[in-house]
Amino acid sequence: MQGILKKLMKNRAFLLLVLPGAAWFIIFAYLPMFGTIIAFKDFRIHPGGFFESVLKSEWVGFKNFEFLFSTDDAYIITRNTILYNVGLIMLGLVLAVTLAIIMNELLNKRLAKFYQTAMFMPYFLSWVIISYFVFSFLNVEKGVFNQLLVFFGEDPVSWYSETKFWPYFLIFLGLWKNAGYGSVVYLAAIAGIDRSYYEAAMIDGATKWNQIRFITLPMLKPLMIILTVLALGGIFRSDFGLFYQVPRDSGALYPVTNVIDTFVYRGLTIMGDTGMSTATGLYQSVVGLILVLLANYAVRKIEKDYAVF
């Protein structure tokens, strides 16, 4: 015990620095885990408040999960969530690395800073604002796209009821909003690469493409793997604003826009089914954890130094 106290006193400055972040995680991430018990109960509101409601609600075991997986919604939301996230993770990785390399290779650094800032700006925009931008393009009567179609003699399209276009719209918007942030991370990693590697390559006559292929990409490989493994942990989580605000909650688009996060939200606000919504959220979290562990295990088997833990 004395040894532990001695170590705590010795590292008290570092512990104080960690304290705000640790307190945030305890209050907002670990304490709410008590609420996962609702996934196994037929939750009903009681006069005594939340805790009494949880304790006095009937225990139903896995019935909430059975009800979830017995509906067609379970397949649709799982399929949409996985496919969209796989597309956004893979395409986002390629796009972010490509943009970072292009920014690094620009000779005019002032112009590169301007481009970098322009690409980073969408990351700070709310999906609510973006949804109105999208609506200005897709509005049936006054939208830019339909105005162009009419100008060229085509019939206007009811964009908010045509499901075939929205997978492309959503992936494009997800990449457009987040690619700038991802490129900044990789650009910082490129800036940390020892320049002597490039100097030696140029002396040996290596072209820019060869320098990128044999120096930049191998040096970025550990970071790419680590960020991809961490992203896989969120493969069952979706950007709520992208899938709810941008399609404007159009019921006709549910087959291609309904994901786990929007399903949970609608389950709470429309159906009022707290038990099933909690079960869906727990299913989402458990599968995400398993995917991170499996991905990290696979990376460790291939290259131990690239594993997250």
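The values are calculated or read from the model by the stated rules, or taken from the named source; none is laboratory data. Please read all numbers here as calculations on a predicted model, not as lab measurements. Ideal geometry is used to build each Cβ from the backbone, glycine not excepted, and the neighbour counts take in all protein chains shown. Accessible surface is based on the protein model in full, side chains and every heavy atom, while ligands, DNA and RNA are left aside. Shrake-Rupley method; radii C 1.70, N 1.55, O 1.52, S 1.80 Å.
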For segment 185-227, how many residues are within 22 Å of residue 308 (Cβ to Cβ) and of a type in the set (Phe, Trp, Tyr)?
1
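Across segment 21-54, what is the total count of residues that are part of a strand (DSSP E or B) and open to solvent by less than 40 Å² (accessible area, probe 1.4 Å)? Outline the logic, then answer.
To start, the set of residues in segment 21-54 that are part of a strand (DSSP E or B) comprises 41-42.
From the residues that got through so far, the ones that are open to solvent by less than 40 Å² (accessible area, probe 1.4 Å) too are 41.
Residues in segment 21-54 being part of a strand (DSSP E or B) and open to solvent by less than 40 Å² (accessible area, probe 1.4 Å): 1 in total.
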If we ask which residues in segment 105-128 are open to solvent by 50 Å² or more (accessible area, probe 1.4 Å) and in a helix (DSSP H, G or I), their number turns out to be 14
Which residues, counting only those in segment 55-72, are open to solvent by less than 100 Å² (accessible area, probe 1.4 Å) and closer than 30 Å to residue 256 by Cα?
64, 65, 68, 70, 71
Given (1) under 26 Å from the mean Cα position of the chain (by Cα); (2) in contact (Cβ under 8 Å) with a residue 40 or more places away in the chain, identify the lone condition not met by residue 138.
(2)
Among the residues listed as 273, 239, 305, 204, the single one being open to solvent by 20 Å² or more (accessible area, probe 1.4 Å), within 20 Å of the chain's Cα centre (by Cα) and of a type in the set (D, E, K, R):
239
Do you know which residues across segment 111-135 are among the aromatic types (Phe, Trp, Tyr), touching a residue at least 60 places away in the same chain (Cβ under 8 Å) and under 21 Å from residue 247 (Cα atoms)?
127, 135
Say whether the condition of being in contact (Cβ under 8 Å) with a residue 40 or more places away in the chain and not in a loop (DSSP other than H, G, I, E, B) is met by at least one residue in segment 149-162.
yes
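Residues are listed down the side, and each one gets a yes or a no for (1) at pLDDT below 95; (2) more than 19 Å from residue 171 (Cβ to Cβ); (3) in contact with a Ser or Thr (Cβ under 7 Å, 6 or more places away or on another chain); (4) among the charged types (D, E, K, R):
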| residue | (1), (2), (3), (4) |
| --- | --- |
| 80 | yes, no, no, no |
| 98 | yes, no, no, no |
| 106 | yes, yes, no, no |
| 109 | yes, yes, no, yes |
| 117 | yes, yes, no, no |
| 121 | yes, yes, no, no |
| 125 | yes, no, no, no |
| 133 | yes, no, no, no |
| 136 | yes, yes, no, no |
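Could you list all residues from segment 197-241 that are among the aliphatic types (A, V, I, L, M) and more than 15 Å from residue 89 (Cα to Cα)? Let's see the steps before the verdict.
As a first pass, look at segment 197-241 and keep what is among the aliphatic types (A, V, I, L, M): 200-203, 206, 212, 215, 217, 219-220, 223-227, 229-232, 235.
The answer is 200, 201, 202, 203, 206, 212, 215, 217, 219, 220.
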